[in-house]
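Structure record follows, encoded as structure tokens.
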Amino acid sequence: MTQVILRPHKEESLLRFHPWVFSGAIARIALDPDYPYDAPREGDLVQVRSSRGDILGVGHWQVGSIAVRILMFGVEALPADFWTATIAAAYRVRESLGLIRPDNDTYRLVHGEGDFLPGLIVDVYADTAVVQAHSVGMHYARHDVAQAIVSAVPAVRNVYYKSDDTLPFKAQLDGDRVGYLIHNQQSTIDNPQSDFWSTENGLQFRIDWLRGQKTGFFVDQRENRALVERYARGKDVLNMFCYTGGFSLYALRGGARTVDSVDVSQKAIDLVNVNVARNFPDDPRHHAYAADAFDFLNEKITNHKSEITNYDLIILDPPAFAKHRDAVRNALRGYQRINAKAIRQIRPGGILFTFSCSQAVDKEAFRLAVFSAAASVGRRVRILHQLHQPQDHPINIYHPEGEYLKGLVLYVE
Ligand code: SAH
């Protein structure tokens, strides 16, 4: 196996279990005599050693500033049962946390570094697991991953691979970036005759992993949706950036007076309507609008897009405004603008649930953006809850970069 030898003292972060080796930490690379190329190929398994030659671990070689992502510390090679053992361990964690139940078969099985599998995401929807590779190494491991999932998770019969948006754009890869790795059952998304529903806390969702965003559903808001349910009774609710309507269904079940769901994507709105009809047939309380968030909040009073001009509870869950560090300033301005607009639309004594899923925007920066929004509107605002990603999106304590979702629940006087 190719050996990556670090410069003196550069092993320290690895000894503290941080799973990344930066290219600047590398002194030299020793290829096997029979290795057919003159440099490691992206996605290869490589051994990492300290400057003194001590073995540090095995990981995937990458092109870019992160050169290796460690899969296992302190070994010279991955054990034969590496994939089955690691994925079975991730499953046992979800099971022990009580996330896998007849009324909840929607959960994240593998959350990258948080489950010691850097570059791999797996979400489970009833009998189907959706796998996303964020590294070329995980792309080449995809068949092992798929086998490990079906052996670890009794309910899973299909594994769909969806890495068209997540693999390095320029990577030269063998094999498809999308498609079923294992397919035993025709589900709705492929076959309109069958009836596929995935259940989250007793609410049923149609999940379109073929055409939907990410793996098809935002699994990371389950706990925060449940909190919306607790506050929804009797309220006029606006679910802005609703995607497939997760927060809307919980608000309806919580006894909201009305729920308006808004998303710029018509496809998302079509799915919201399917999901509401499935769980709350013919419920007159719900309306869905395909509209831009800023337009909706600006024009709503004059345009009568909705009959309601103000809300008791607003949810703002926008897409990541900052995809990279250099976009943070603009992102903060975006968060400030959208939050100011929402705070303006909240009736006295109302509640705002506001989120950021930009990893590059930290908790404090986000809170400051919301603070500026509140100050610019000039209302008295109190923080009721500080929210984050749920337990099936764990953060490896040695890899704080895994924290990305944060939210505030505000009481607006
Ligand atoms: N809250 C959702 C997830 C939101 S993802 C859930 O619980 O499932 C972000 C959503 O914002 C996407 O569905 C995207 O289509 C939508 N979006 C992006 N830009 C928008 C805009 N300018 N106005 C309204 N919606 C937008």
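General observations
- Estimated FRET transfer efficiency (Ala226, Leu97; beta-carbon r; R0 25 Å; 0.05): 0.95
- Using alpha carbons only, the radius of gyration of region 40-85 set against its Kirkwood radius gives Rg/Rh = 0.99.
- Rounded, prolate or oblate (a/c below 1.5 giving rounded, otherwise prolate when a/b exceeds b/c) for region 349-413 by Cα gyration tensor: prolate
- Evaluated with a Cβ-only charge set (Lys, Arg +1; Asp, Glu -1), the chain carries a dipole of roughly 1520 debye about its Cα centre, given to the nearest 20.
- Cα-based Rg of region 82-190 normalised by 2.2 N^0.38 Å, two decimals: 1.02
- Pair Phe294, Gln185: separation of 7 Å Cα→Cβ label points (nm): 4.5 nm
- Cα-based shape type of region 16-150, given that a ≥ b ≥ c are square roots of the gyration tensor eigenvalues and the cut on a/c is 1.5: prolate
- The label-point distance for Arg211 and Gln172, in a model that sets each label 7 Å from Cα toward Cβ, rounds to 3.5 nm.
- Convex hull per residue volume in Å³, alpha carbons only, for region 218-412: 114 Å³
- Helix axis angle, 222-231 relative to the chain longest principal axis, alpha carbon, degrees: 20 degrees
- Computed from the alpha carbon atoms alone, the convex hull of region 3-73 holds 78 Å³ per residue.
- Note on Lys235: no lysines have a C-alpha under 16 Å away, same-chain residues under 8 apart excluded.
- Mean residue ellipticity (222 nm) of the chain, computed from DSSP H runs ≥ 4 via -39,500 (n - 2.57), nearest 500: -8000 deg cm²/dmol
- Among the chymotrypsin sites (Phe, Trp or Tyr not before Pro) within region 31-135, those in coil by DSSP and having at most 10 neighbouring Cβ atoms inside 10 Å are Tyr37.
- Sorted peptide list for 327-337, 174-184, criterion being average Cβ within 10 angstrom, highest first: 327-337, 174-184
- Rounded to 10°, Cα long-axis angle of helix 266-279 versus longest principal axis of the chain: 70 degrees
- The distance between label points at Ala30 and Gln359 comes to 3.2 nm (points 7 Å beyond Cα on the Cα→Cβ vector).
- The GluC sites (Glu not before Pro) of region 219-327 that DSSP puts in a loop, and whose beta carbon has at most 12 other beta carbons within 10 Å, are Glu307.
- Across Lys170/Lys323; Lys162/Lys267; Lys170/Lys214; Lys10/Lys406; Lys341/Lys363, pairs whose alpha-carbon gap is larger than 27 Å: Lys10/Lys406
- Span from the region 30-68 Cα centroid across to the region 130-154 one, whole angstrom: 22 Å
- Length released on extending from Asp127 to Arg233, taking residue separation times 0.36 nm less the Cα-Cα span: 34.8 nm
- Listed residue (Asn310, Phe247, Gln266) projecting farthest to the positive dipole end of region 200-329, Cβ model: Phe247
- Length added when fully stretched, Ile55-Arg347, from 0.36 nm per residue minus Cα-Cα: 99.0 nm
- Relative to the dominant Cα principal axis of the chain, helix 142-152 is inclined by about 70°.
- In the calculated pair-distance distribution of the chain, the portion above 30 angstrom amounts to 46 percent of the Cα-Cα pairs.
- Of the trypsin sites (Lys or Arg not before Pro) found in region 12-101, those in coil by DSSP whose Cβ has at most 13 other Cβ atoms within 10 Å are Arg16, Arg52.
Computed from the coordinates by the stated procedures, all read-outs in this text should not be read as laboratory data. It should be emphasised that the depicted structure is a prediction, and the values quoted were computed from it without experimental measurement. Cβ atoms come from the backbone with ideal geometry, glycine included; neighbour counts cover every protein chain shown.
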